[in-house]
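Trainee: Can you keep this structure in mind? I'll have questions shortly.
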Amino acid sequence: MTDQSSNAMWGGRFAAGPDAIMEAINASISFDKRLAAQDIAGSRAHAAMLAATGIVEANEAEAMREGLLTVLSEIEAGDFAFSTALEDIHMNVEARLKEIIGPSAGRLHTARSRNDQVATDFRLWVRDQIDAAVEGLDALSRSLLAQAEAGADWVMPGFTHLQTAQPVTWGHHMMAYVEMFQRDASRFRDARARMNECPLGAAALAGTSFPIDREMTAQALGFDRPCANSLDAVSDRDFALEFLSAASICAMHLSRFAEELVIWSSAQFRFVALSDRFSTGSSIMPQKKNPDAAELIRAKIGRIFGANVALMTVMKGLPLAYSKDMQEDKEQVFDAADNLMLALAAMTGMVGDMTANRDALRAAAASGFSTATDLADWLVRELNLPFRDAHHVTGTLVAMAESKGCDLPDLSLADMRSVHEGITEAVFDVLGVENSVASRMSYGGTAPEQVRAQVARWTEKLG
């Protein structure tokens, strides 16, 4: 078979044959160039340690460190020519450093491998993303706190099965998401603490015979300590998986809230109005105002879930230590991080701009027999009925109101006494929705006083 026919067999983009295919599948520079700042920070710390331990001359290490700053400035300015032939960010940086300072650049790689180098770079990048995610979650929580404080006593329906259950307050509903998103922040912080160990110095997999100081490089890069096992250091991607796991749970919370905003902003609910900044119109229906930002948040979540599953699948069958499969870790994490931060920013903007329709919220809260539980509780408390009996009496009264086309507070006292003669005029005090929410004074309850206490607690914590 001729070379020409062989090349035609590969076809299209890979007409140059197997060499082009190998270069394309092997190279990672198209995506790992995002690790440039972390790669250069790790190399500068490594160079300083090599000088401090006498492995390289101090003047050579200083030239490396200064040259690396030049490389970084070129990359940040967009003046750096990345080469696919050089495979990855590490080789691209080292090749340019050699052009700047000469052959001594080759000493930079003493006592390390690309295995521990990329593990360090990636940890640094994920650590930065965790910090950004926590900051984003705190910003979103502050927007929710502002909504909760403004509407601490605004009555709205609470739902189970998306059907009216009991009255709650707008502030209470907003605070539920503060709790969720701050749990997310806590998960990210926990993951950060666990991952904050430095792989640099593990070399390819077995450590090194050079007298390096791993504590020095760990400290220089802001890690708590070096990784304690060289095999684990280069093969571990738990830190990325924990980030994706925490991101997935956070994304799920964002999607739940987005779903509520889609429902609430509909003409059928009219609970909230989203600003024009986070809505779009229809090309054909002039009355439409679509909650596109919320819908896109809801959809983007699938990419984050997918990244989590994809990296789990990559890692599940890998023996120790490093395998080239692990090159597939970064694109998944990069994409998930980008979409998480975008979703957090969009949700923060929507919450900050949205306006709750207090009248529509109250009208909905007062419908659907939402105070039935209050009636049952009153029967237990005032008439000493067993709860099951009170439940039966209340159910009968709900059926009566339904047959009359009215709500519970609209029944007459005579109607109620026809079901249970012990009911008195005092029952109407608990059937108003404002009275209902005000009575829920248990810790964590929906009473405005409790909501304001939780707002104050979180405001102090978030600063």
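The values are calculated or read from the model by the stated rules, or taken from the named source; none is laboratory data. Predicted model, so just to flag it, every value in this text is computed and none were measured. Every residue, glycine as well, gets a Cβ built from its backbone with ideal geometry; the counts of neighbours run over all protein chains shown. For accessibility, only protein heavy atoms count, side chains too; no ligands or nucleic acids. Shrake-Rupley method; radii C 1.70, N 1.55, O 1.52, S 1.80 Å.
Trainee: Determine, yes or no, whether Ile100 is out of contact with any strand residue (DSSP E or B) (no Cβ under 8 Å at 6 or more places or on another chain), β-branched (Val, Ile, Thr) and within 30 Å of Asp19 (Cβ to Cβ).
Mentor: Considered against the rule, which asks whether it is out of contact with any strand residue (DSSP E or B) (no Cβ under 8 Å at 6 or more places or on another chain), β-branched (Val, Ile, Thr) and within 30 Å of Asp19 (Cβ to Cβ), Ile100 comes out as yes.
Trainee: Which one is least open to solvent (accessible area, probe 1.4 Å), of the residues in segment 418-463 that are among the small types (Gly, Ala, Ser) and assigned to a helix (DSSP H, G or I)?
Mentor: In this case the residue turns out to be Ser436.
Trainee: Restricting attention to segment 391-445, which residues are under 23 Å from Pro157 (Cβ atoms) and among the acidic types (Asp, Glu)?
Mentor: The answer is Glu402, Asp407, Asp410, Asp429, Glu434.
Trainee: If you don't mind, another one. Restricting attention to segment 203-221, which residues are in contact (Cβ under 8 Å) with a residue 12 or more places away in the chain and out of contact with any strand residue (DSSP E or B) (no Cβ under 8 Å at 6 or more places or on another chain)?
Mentor: Matches in segment 203-221: Ala203, Ala204, Leu205, Ala206, Gly207, Thr208, Phe210, Pro211, Ile212, Asp213, Met216, Ala220.
Trainee: Inside segment 206-287, counting only helices (runs of 4 or more DSSP H) that do not spill past its ends, which hold 3 or more residues that are assigned by the TED database to the domain that holds Asp121 and modelled with pLDDT of 95 or more?
Mentor: 230-235, 238-264
Trainee: Return yes or no: is Asp121 open to solvent by 40 Å² or more (accessible area, probe 1.4 Å), outside the structural domain of Gly42 (by the TED database) and closer than 16 Å to Glu197 by Cα?
Mentor: no
Trainee: Also: Specify the residue that is nearest to Asp276 (Cα to Cα); the eligible residues are those in segment 340-351 that are within 11 Å of the chain's Cα centre (by Cα) and open to solvent by 10 Å² or more (accessible area, probe 1.4 Å).
Mentor: Checking each candidate, the answer is Ala345.
Trainee: Something else about it: Looking at segment 402-412 only, could you name the residues that are open to solvent by 50 Å² or more (accessible area, probe 1.4 Å) and either in a helix (DSSP H, G or I) or under 17 Å from Thr373 (Cα atoms) (or both)?
Mentor: Scanning segment 402-412 gives Glu402, Ser403, Lys404, Pro409, Asp410.
Trainee: While we're looking at this one, here's another question. Output the residue which, of all residues in segment 358-380 that are within 36 Å of the chain's Cα centre (by Cα) and part of a loop (DSSP other than H, G, I, E, B), is surrounded by the fewest Cβ atoms within 10 Å (Cβ to Cβ).
Mentor: Step by step, filter segment 358-380, then rank; the result is Ser367.
Trainee: Determine which member of the set Ala337, Ala399 is modelled with pLDDT under 95, aliphatic (A, V, I, L, M) and either more than 16 Å from Thr164 (Cα to Cα) or assigned to a helix (DSSP H, G or I) (or both).
Mentor: Ala399
Trainee: Moving on. Provide a single number: the residues in segment 191-202 that are part of a loop (DSSP other than H, G, I, E, B) and touching a strand residue (DSSP E or B) at 6+ places or on another chain (Cβ under 7 Å).
Mentor: Number of matching residues: 1.
Trainee: Could you list all residues from segment 224-254 that are surrounded by 23 or more Cβ atoms within 10 Å (Cβ to Cβ) and of a type in the set (Phe, Trp, Tyr)?
Mentor: If the condition is that a residue be surrounded by 23 or more Cβ atoms within 10 Å (Cβ to Cβ) and of a type in the set (Phe, Trp, Tyr), then Phe243 is the only one that fits.
Trainee: Of all residues in segment 77-102 being among the acidic types (Asp, Glu) and closer than 12 Å to Arg114 by Cα, which is least open to solvent (accessible area, probe 1.4 Å)?
Mentor: For segment 77-102, the residue satisfying everything is Asp88.
Yes/no matrix, rows are residues, columns are (1) of a type in the set (S, T, N, Q); (2) within 25 Å of Ala61 (Cα to Cα):
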position	(1), (2)
Trp154	no, no
Thr164	yes, no
Ala176	no, no
Asp184	no, no
Leu200	no, yes
Leu205	no, yes
Ser209	yes, yes
Arg214	no, yes
Ala220	no, yes
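Trainee: Please go through (1) over 19 Å from Thr164 (Cα atoms); (2) assigned to a helix (DSSP H, G or I); (3) not assigned by the TED database to the domain that holds Ala133; (4) not hydroxyl-bearing (Ser, Thr, Tyr) for Leu385 and return the number of the only condition it doesn't satisfy.
Mentor: So the condition that Leu385 fails would be (2).
Trainee: Taking the criterion of being open to solvent by 10 Å² or more (accessible area, probe 1.4 Å) and closer than 25 Å to Asp190 by Cβ, would at least one residue in segment 39-51 satisfy it?
Mentor: Taking every residue of segment 39-51 in turn, at least one turns out to be open to solvent by 10 Å² or more (accessible area, probe 1.4 Å) and closer than 25 Å to Asp190 by Cβ.
Trainee: While we're on this one: If a residue has to be crowded, with 18+ Cβ neighbours inside 10 Å and more than 19 Å from Ala299 (Cα to Cα) to count, how many in segment 255-277 make the cut?
Mentor: Within segment 255-277, residues that are crowded, with 18+ Cβ neighbours inside 10 Å and more than 19 Å from Ala299 (Cα to Cα) number 2.
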